[in-house]
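Scroll down for the structure; my scribbles are underneath it.
The values are calculated or read from the model by the stated rules, or taken from the named source; none is laboratory data. Everything numeric in this text was worked out from a predicted model, so none of it was measured. Neighbour counts run over all protein chains shown; Cβ positions are idealised from the backbone, glycine included.
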Amino acid sequence: MWDYSEKVIDHYRNPRNVGKIDNADAVGEAGSLACGDSLKIYLKIENNIVTDAKFQTFGCGSAVASSSILTEMIIGKTVEEVRKITNKDIADQLGGLPPEKMHCSVMGYEALEDALKNYGDYTDLDDLRNEEANNNKEEKIVCTCFGITENVIWDAIKINGLKTVEEVTNYTKAGGACGRCKGAIQDIIDTYYKKTKESSLSPAQKILKINNIIENQISPELKKDGGDITLVDIDGDKVLVKLRGRCSGCKNSHLTLKAFVETTLRETVDKNIEVIEV
Ligand code: FES
């Protein structure tokens, strides 16, 4: 028998925000009934803020609890804040999940990602994925038993630091039936860690790159509208800046100035960068 936190039990017994939103602004799905569990999430978004969220799920208690807490986590947040939520955040918010049930938190993350991928003109440039994968519109199915794609496995490895096939199975279900895909899963793990090693920057290289991107990419963009940016300090992943003006020419016009700077630095330097205005 698995050990569940009180929060998991509470959200399973009293799920919040169950149902459907008519005329939702974003809808996302993950899993499928054929694979044992599925989740559909509906979002109402006004002025870039998620004002309502509901879900319909078919799955175990952990799937219900993960979906329920996810809706509570996102209501009241901006779209940019919601985009940063990972399956790890969902599991942490629940006070943890048994390893064998982590795939329920991944299903929540996937459904959220699916809902937001077509909202606005946001593009998540993952510099660790190779170009071919980014350009490949047809997602490659690695585990046919559960319909799990390469991208889902890749994200689960990256977000949760998974190192073994067994961990990937716990988090995504891939490999948990006939086992034919286990070799392919191992290949993805090997590729991920090879690329991570190749692409990781030393702290000094990171500071240099941030400086370079601000000077040659962000600042010229802001100057077009009479604005500018001054780099005040870099503390690990935190980048402290002074901002002036606006950014009507920025490619994502719905972004605030700070969000534009943060998105650019995340796309070009490191996904974990947080921009703080001082
Ligand atoms: S193909 Fe992945 S478990 Fe069967």
Unmet requirement for residue 163, which otherwise passes all of (1) over 24 Å from the mean Cα position of the chain (by Cα); (2) more than 24 Å from residue 269 (Cβ to Cβ); (3) outside any helix (DSSP H, G or I)
(1)
Restricting the first residue to segment 162-180 and requiring it to be in the same structural domain as residue 145 (by TED's automatic domain parsing), which pairs with a second residue that is more than 14 Å from the ligand (Cβ to nearest atom) and assigned to a loop (DSSP other than H, G, I, E, B) meet a Cβ separation below 6 Å and a spacing of at least six or different chains?
168/162
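Are any residues in segment 110-124 modelled with pLDDT under 85 and of a type in the set (Gly, Ala, Ser), and if so, which ones? Outline the logic, then answer.
Of segment 110-124, the ones modelled with pLDDT under 85 are 118-124.
Matches in segment 110-124: 120 only.
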Out of all the residues in segment 141-153, which are surrounded by 21 or more Cβ atoms within 10 Å (Cβ to Cβ) and either near the ligand (Cβ under 10 Å from one of its atoms) or not acidic (Asp, Glu) (or both)?
142, 143, 146, 148, 152, 153
Residue 46 out of contact with any strand residue (DSSP E or B) (no Cβ under 8 Å at 6 or more places or on another chain), surrounded by fewer than 18 Cβ atoms within 10 Å (Cβ to Cβ) and not assigned by TED's automatic domain parsing to the domain that holds residue 166:
yes
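Return a yes/no flag: does segment 224-245 have any residue that is assigned to a helix (DSSP H, G or I), farther than 23 Å from residue 113 by Cα and not assigned by TED's automatic domain parsing to the domain that holds residue 88.
Initial filter on segment 224-245 (assigned to a helix (DSSP H, G or I)): none.
No - not one qualifying residue is present in segment 224-245.
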Among the candidates 204, 184, residue that is part of a helix (DSSP H, G or I), over 24 Å from residue 59 (Cα atoms) and within 10 Å of the ligand (Cβ to nearest atom)
184
Output the number of residues of segment 134-184 satisfying the condition of being closer than 15 Å to residue 37 by Cβ and of a type outside the set (Ser, Thr, Tyr).
11
Do we find a residue being at pLDDT 90 or above, touching a Cys at 6+ places or on another chain (Cβ under 8 Å), within 13 Å of the ligand (Cβ to nearest atom) and not acidic (Asp, Glu) anywhere in segment 188-201?
no
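For residue 156, state whether it is outside the structural domain of residue 108 (by TED's automatic domain parsing), within 15 Å of the ligand (Cβ to nearest atom), assigned to a helix (DSSP H, G or I) and in contact (Cβ under 8 Å) with a residue 24 or more places away in the chain.
Against the criterion (outside the structural domain of residue 108 (by TED's automatic domain parsing), within 15 Å of the ligand (Cβ to nearest atom), assigned to a helix (DSSP H, G or I) and in contact (Cβ under 8 Å) with a residue 24 or more places away in the chain), residue 156 qualifies.
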Is it the case that residue 155 is under 23 Å from residue 85 (Cα atoms) and at pLDDT 90 or above?
yes
Condition first: more than 22 Å from residue 24 (Cβ to Cβ) and either of a type in the set (Asp, Glu) or outside any helix (DSSP H, G or I) (or both). Can you find one or more residues in segment 65-85 that meet it?
no
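Could you count how many residues in segment 83-109 are farther than 20 Å from residue 9 by Cβ and either in the same structural domain as residue 257 (by TED's automatic domain parsing) or crowded, with 23+ Cβ neighbours inside 10 Å (or both)?
We begin by selecting, within segment 83-109, every residue farther than 20 Å from residue 9 by Cβ; these are 83-86, 88, 106, 109.
Next cut, either in the same structural domain as residue 257 (by TED's automatic domain parsing) or crowded, with 23+ Cβ neighbours inside 10 Å (or both) only: 106, 109.
Summing the residues that are farther than 20 Å from residue 9 by Cβ and either in the same structural domain as residue 257 (by TED's automatic domain parsing) or crowded, with 23+ Cβ neighbours inside 10 Å (or both) in segment 83-109 gives 2.
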